[in-house]
Amino acid sequence: MTAARLPLPTVLLSAGLLLSVLCLASLLLGAGDVGIGPSLAALFGGGDDDARFVVFELRGLRTELAVLVGVALGAGGLLLQAATRNPLAEPGLLGVSAGASFAVVVAISLGASAGTLSLAVAVLGAMVGCVLVLLVTQLRGVGDDPVRLVLAGAAFTGLLTALSSLLLLQDQRTADEVRFWVIGALAGRSPDTVSWSLPGLILGLLVVLPLVRPLAALTLGERVASGLGHHPQLTRLATLLAVALLVGTATAAAGPIGFVGLVVPFLARRLVGSDVRRGLGVAILLGPCVVLAADILSRLLVRPYELPVGVVTAFVGAPILIAVVRSHRLPSL
Amino acid sequence: MNIPLAHASSAPRDHWLLGIAGLRLLIHRRSLLAGIGLCLALAASLGWLLIAGTHDLTLWQALRAATGDGNPLQVLLVRELRLPRLVAGLLSGAALGAAGCLLQTLARNRLATPGVIGIDDGATAFAVASIVAVPTSLAPTALALSGASTAAVLAFALAAGGGARGYRFIVVGIAIGVLFGALTNLMLARADIDAANAAYPWTVGSLNARPAQAVWLLGIGLALGLPAAKLLVRPLAVMRFSDNVAIGLGVDLPRIRLLTLALTVWLTALAVAVVGPVGLIALVAPEMARYLCRQHGVPVVNSALSGALLMVLADWVGRTVLAPVEIPVGIIMAIVGGPYLLWILLRQPSRTLT
């Protein structure tokens, strides 16, 4: 495939810089009354109680969550693309996020409360989604066709969304608990969210680490990978498990946020080429950048209201989807 | 048959050749039978839905109430509640079915329906804009038209590299649909709660209490659009082969393409202005028509009839399954049509529209 376009350390360094700038901006900017000046003062220990509360409790939590979700979705997207060898594979587009949200809606309508059960359930739902993706890629003629896979994902997502709304119509309590959650937003999550989503994220990344080399071999084709002593099916299965963990965690924490898993690998490929080993590090840094930038925009665009962050990522992601599809030959992975 | 059969032996297989006073008409036998059958089924379900409900009427009572006779309760039930809803469902289903058939044929791909390539979402986004910004009763239809045309033009222009066929076109359409969906959400997030509630039916697709004016416009649009579609059937049927064959047979390709696309947009937008995005009707109805006709043609009229039947039945299911809670017809269609869409995608990967 194409050679790396930029040296890896430079890219990593600038992505890291960008990430810290965005973290700072996320602490300083908001839809409410606390402007940059008071926020800065609060950050350096001054300021009144209001400003300190807004900066540390509200925006701080939001920023942490955005970073977690960004890492999970960015890495999940890259891995899913590598495992399916499909530049259009995105957890949201392929129905993994929809599986996770549907599972949460079912669990809540069966009596669970939004706070306690949702991580395990969302991961389970994401796994079901991943397994379906895996099954579909095994079908002859569908797995090799990136575009048909996306269409199947869209159909699957539409179906699950309709089923979720059916459950919500039937049951007012579920509707109230879930309405906020299904939009996909980083604001107003409980502080516990960070503490229970962090282990999920770390576990997911730990599963990934031994998979990086086999995945890189897999991009050369299944035969070459088996020739090099790897097990393509096993690698794919384990990767999808990791993706399910990552995406399930992100979805449980912040609801379905689409297109991050498409945008981040796209950028990473542009920056360092299509090697998984190089791309993963970049994706882990760029994922939070994208989510943070979208979140900051979602606060600023319609002040004093806020947009769901999923709306902002859709505005960025859909044009990139068009660009990928339009590119003369779909970049092969 | 009382109609004189002229040159019965010269008619192709499965066709009737009718000759009246020097005019010759070739009719595909199964298509005609399917059309008659669909009409009967439609009439039966309309009659049933008019008389059945929480307050049952006899057919005679219902018909008298429809003309304004009978006691006030029955007149209210039939003329204010049941009849407008049935008419709205009938017309919008027919428009969506015909539009789906046209676009599928044009793109030579059975998945290329207005809903899948984002025309529905474009119309919805603009209709919601009209609710949120200019709350007059005529505006949704006009704006839905402009939204649908915007989406269609975008989809065709952006997919230009791959032509209007193939899957690339559809994924571009999906992306455009997502963009317009995000636009709708953006506007709903900014609107106050009343405007957002007023716009809600447009986001899921519902036949509940639709504005009468939009239904009238849809009726007029359909009366103009269906004959136009019937005129386009012949060149479209030729275009299913290849561009070269069509040109050789004297089809003005760019003009027919433009007209078909314009007609699709016209029908879809008028229907969406009434019922909201119930796009899967446009996918399922032509399939149903094609199955019933067993003919590899362009069954526009039968698609319209199937669409009307499907829409009316889906609405009935939505009203009764979880009564008294009403399930919007869009959700019913998504649950019924979604698995079907998946089945098409996964079961017959290589088969294109024939």
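Think of it as helices only: each DSSP H run of n ≥ 4 in chain B is worth -39500 (n - 2.57), and spread over all residues that comes to -23000 deg cm²/dmol at 222 nm. Averaged over peptide B:334-340, the number of partner chain Cβ atoms lying within 10 Å of each residue's Cβ comes to 5. Think of each Lys and Arg Cβ as +1 and each Asp and Glu Cβ as -1; about the Cα centre, that makes the dipole of the protein assembly as shown roughly 2540 debye.
Students often check this: by mean Cβ neighbours within 10 Å, which of B:245-253, B:73-81 ranks highest, and how do the rest follow? Don't skip to the answer; put the middle values down first.
Details: B:245-253: 13.2, B:73-81: 15.9.
Sorting B:245-253, B:73-81 by mean packing, highest first, produces B:73-81, B:245-253.
Spacing of the modelled spin labels on B:Val153 and A:Asp48, each 7 Å from Cα toward Cβ, amounts to 5.2 nm. The convex hull of the Cα atoms of chain A, projected and averaged over all directions, covers 17.1 nm².
Springs join every pair of Cα atoms under 10 Å in this Gaussian network model of chain B, and among B:Trp343, B:Trp48, B:Trp202 the largest mean-square fluctuation is at B:Trp343. Pairs of C-alpha atoms in the stretch B:149-237 farther apart than 20 Å represent 62 percent of all such pairs. Working from label points 7 Å from Cα in the Cα-to-Cβ sense, the B:Cys39 to A:Gln170 distance is 4.1 nm.
Compared with the direct C-alpha span, the chain from B:Ala212 to B:Arg294 gains 25.8 nm at full extension, assuming 0.36 nm per residue. Among B:Pro328, B:Pro339, B:Pro12, the largest mean-square fluctuation in a Gaussian network model of chain B, built with springs joining Cα atoms closer than 10 Å, belongs to B:Pro12.
Tilt of helix A:172-183 relative to the longest C-alpha principal axis of chain A, in degrees (0 to 90, nearest 10)? So the helix axis and the longest Cα principal axis differ by about 70 degrees. Taking H placed 1.01 Å from N in the peptide plane, check which residues at least 5 places from B:His15 or on another chain put their amide H under 5 Å from its amide H. So B:His15 has HN proximity to B:Arg29.
So what is the calculated 222 nm ellipticity per residue for chain A, using -39500 (n - 2.57) for each DSSP H run with n of 4 or more, over all residues, to the nearest 500 deg cm²/dmol?
Rounded to the nearest 500, the figure is -24000 deg cm²/dmol.
As a proxy for reagent exposure, B:Thr58, A:Thr219 were ordered by neighbouring Cβ count within 10 angstrom, fewest first; the result is B:Thr58, A:Thr219.
Peptide B:322-330 has a mean shielding of 2, counted as Cβ atoms of other protein chains within 10 Å of each residue's Cβ.
Note that the stretch B:249-354 shows a convex hull volume over its alpha carbon atoms of 123 Å³ per residue. Peptides A:273-284, A:48-59, ordered by how many other C-beta atoms sit within 10 Å of their residues on average, highest first, read A:273-284, A:48-59. For A:Leu209 and A:Leu110, a Förster radius of 41 Å and the Cβ-Cβ distance give a FRET efficiency of 0.70, rounded to the nearest 0.05. Which values of log₁₀ I(q)/I(0), to two decimal places, follow from the Debye formula for the protein assembly as shown at q = 0.06, 0.09 Å⁻¹ with a uniform point scatterer at every Cα? One equal scatterer on each Cα of the protein assembly as shown leads to -0.38, -0.81.
In this simple spin-label approximation, A:Leu6 and A:Val194 carry label points 7 Å from Cα along the Cα→Cβ vector, and these lie 2.9 nm apart. Over all orientations, the stretch A:4-104 has a Cα convex hull whose mean projected area works out to 9.4 square nanometres. Kirkwood-type hydrodynamic radius, the stretch B:184-284: 16.0 Å, calculated from all non-identical alpha-carbon pairs.
Counting Cα-Cα pairs of the stretch B:8-347 in 20 Å increments starting at 0 gives whole-percent bin shares of 30, 56, 13, 0.
Quick note: the coordinates plus some simple rules give every number you see, no bench work behind them. Because the structure is predicted, anything quoted here is derived from the model rather than measured. Every residue, glycine among them, receives a Cβ derived from its backbone with ideal geometry; neighbour counts consider all protein chains shown.
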